[in-house]
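In what follows, a single structure is set out as structure tokens and then discussed.
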């Protein structure tokens, strides 16, 4: 029977270490490749407070494979009729974020490049003094190319008060009659009223 010499032992240890390192690198590569893509978030700022706004709803542009659906989707909205992708059992978690914006102070939105590079739009909802509502829409075309920050006036006219903002990534859709219209495949929602009340 032969005895192992020092060189043989070192070679066996080196081979084992190399095998373990290659196995670890392979497992790490698979884990990274299969990791969920982080939610695309934006930052909202008003009156000295900043909040991170996660998606209210987020689907692929085909309106399938939704990874985030609103916790409570309003009846008749595009998100109310959608279901989660099979591999995302926790997708029902989109919420409206609360950030009070006092009258006269602006709401500032910081957009990540994935939103700034897309054809986004924002629906602004204002309360009128008599209790009515006014909707206004701003979009990427209203600003310079790839704008990363948007300022929204909370009181654009006397008596109007900002109630909320929904930033959307729209896609063109067509109904059974052939009419074309836009629907959001992704949305971020902000309630700007004190404590979420009008």
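Taken together, the values in this text are just the output of simple stated rules run on the coordinates, not laboratory data. This one's a predicted model, so the numbers in the text were calculated from it and none came from an experiment. So basically every Cβ, Gly included, is an ideal-geometry build from the backbone, and we count neighbours across all protein chains shown.
A crude spin-label estimate for the pair residue 148 and residue 180, with each label 7 Å from Cα along the Cβ direction, gives 3.3 nm.
Going from the residue with the fewest nearby Cβ atoms within 10 Å to the one with the most, 135, 176 rank 176, 135. Taking a ≥ b ≥ c as the square roots of the eigenvalues of the Cα gyration tensor, an a/c ratio of 1.5 or more together with a/b larger than b/c marks segment 42-196 as prolate.
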